[in-house]
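Quick notes on the structure that follows.
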Amino acid sequence: MTDIYELIAHRQSDRQYDPNRPVEPEKVARIVEAARLAPSACNAQPWHFIVVDEPELRNQVADAVASRLLGMNHFTKQAPVHILVVEERPNFTAGIGGLIKDKQFPLLDIGIAAAHITLAATAEGLGSCILGWFDEKAVRRLLHIPDKKRVLLDIVLGYSTQPLREKKRKPTSEVISYNKY
């Protein structure tokens, strides 16, 4: 798929992966390169991406991402790749601009980079799911991330075994207007 609109239509949050089919390293490299090239406020690039594909460490990260209490994210054990997104400090211009305009530019920028990751994964024939609910302290400890850094997202990748689902979205009239609210 090379058409951006087709990629957008086919991208979904996949929660079932073939655990016996590893993701080729060259695909992972292209996906994180797509994230690296994402736009950011004042070109601050306030991110660091940690690719976890070593099986034992990947399972430990999956344990930190899953919640036994709430029964969430257990599917992450099947995913052969985790990409952890760590927030970095913005450059001076983006930092000052964010204070003046009361906007969290690093969070916006990381959202854009995450979209690049998931669309690139779709282009590579992979499924993905963006996760924000996890034990951040455990993830920091496992991956030797400094205590002062925030781990914002875990994006899992793999060969999905889920069929393409119809997207359930609000009607256009509720979310789009022209020239006024």
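A few points about this structure:
- Positive-pole candidate from His82, Ser13, Pro55, dipole of region 1-110, charges at beta carbon: Ser13
- P(r) weight above 11 Å for region 1-44, C-alpha pairs, percent: 78 percent
- Per-residue 3J(HN,Hα) values for region 59-75, derived from phi via the Karplus relation 6.51 cos²θ - 1.76 cosθ + 1.60 with θ = phi - 60°, read 5, 5, 5, 4, 5, 6, 8, 7, 10, 5, 4, 9, x, 9, 6, 5, 5 Hz in sequence order (x marks Gly and Pro).
- When Rg and the Kirkwood radius Rh are both evaluated on Cα atoms of region 90-181, their ratio Rg/Rh stands at 1.06.
- For Thr161, residues with placed amide H under 5 Å, excluding near neighbours: Gln16, Tyr17, Asp18
- In straight-distance terms, cross-link reach from Lys137 covers every one of the aspartates and glutamates whose alpha-carbon lies under 18 Å from its own, apart from those fewer than eight places away in the same chain; here that gives Asp63, Glu87, Glu88, Asp147, Asp154.
- Accessible solvent surface per residue of region 1-58, calculated while the other protein chains remain in place, 1.4 angstrom probe, Å²: 62 Å²
- Counted by Cβ distance under 15 Å from Arg68, the other residues give a net charge of -1, where Lys and Arg count +1 and Asp and Glu count -1.
- Carbon and sulfur %, accessible surface of region 76-154 computed with the full protein complex present, 1.4 Å: 58 percent
- Per residue, the convex hull around the alpha carbon atoms of the chain comes to 157 Å³.
- Averaging the sequence gap over all C-alpha pairs within less than 8 Å and six or more residues apart, then dividing by the number of residues, gives the chain a relative contact order of 34 percent.
- Calculated SAXS-style log₁₀ I(q)/I(0) at q = 0.23 Å⁻¹ - region 1-90, Debye, Cα scatterers: -1.27
- Backbone geometry of region 171-181 corresponds, through the Karplus equation with coefficients 6.51, -1.76 and 1.60 at θ = phi - 60°, to 3J(HN,Hα) couplings of x, 3, 4, 8, 10, 10, 9, 10, 6, 6, 5 Hz, x marking Gly and Pro.
- Across q = 0.14, 0.32, 0.36 Å⁻¹, region 138-177 modelled as identical point scatterers on its alpha-carbon atoms has Debye log10 I(q)/I(0) values of -0.69, -1.11, -1.18, in the order of the q list.
- Spatial separation of Cα centroids for region 96-152 and region 8-30, in angstrom: 18 Å
- Computed over the alpha-carbon pairs of region 55-122, the distance histogram in 5 Å steps reads 3, 14, 17, 15, 18, 13, 10, 8, 2 percent, short to long.
- FRET E, pair Glu174, Lys149, Förster distance 25 Å, beta-carbon r, rounded to 0.05: 0.10
- Low-density loop positions, chymotrypsin sites (Phe, Trp or Tyr not before Pro), region 69-175 - DSSP coil, at most 16 other Cβ in 10 Å: Trp133
- Put simply, the amide H of Glu88, placed in the peptide plane, has neighbours under 5 Å in Trp47, His48, leaving out anything fewer than 5 places away on its chain.
- Set Lys101/Lys170; Lys103/Lys180; Lys27/Lys148 screened for pairs whose C-alpha atoms are more than 27 Å apart: Lys101/Lys170; Lys27/Lys148
The values are calculated or read from the model by the stated rules, or taken from the named source; none is laboratory data. Keep in mind the model is a prediction, meaning the values are calculated, not measured. All Cβ positions, even for glycine, are placed from backbone atoms using ideal geometry, and neighbour counts span all protein chains on display. When the accessible area is computed, the model is the full protein with side chains, heavy atoms only, and any ligands, DNA or RNA have been set aside. Shrake-Rupley method; radii C 1.70, N 1.55, O 1.52, S 1.80 Å.
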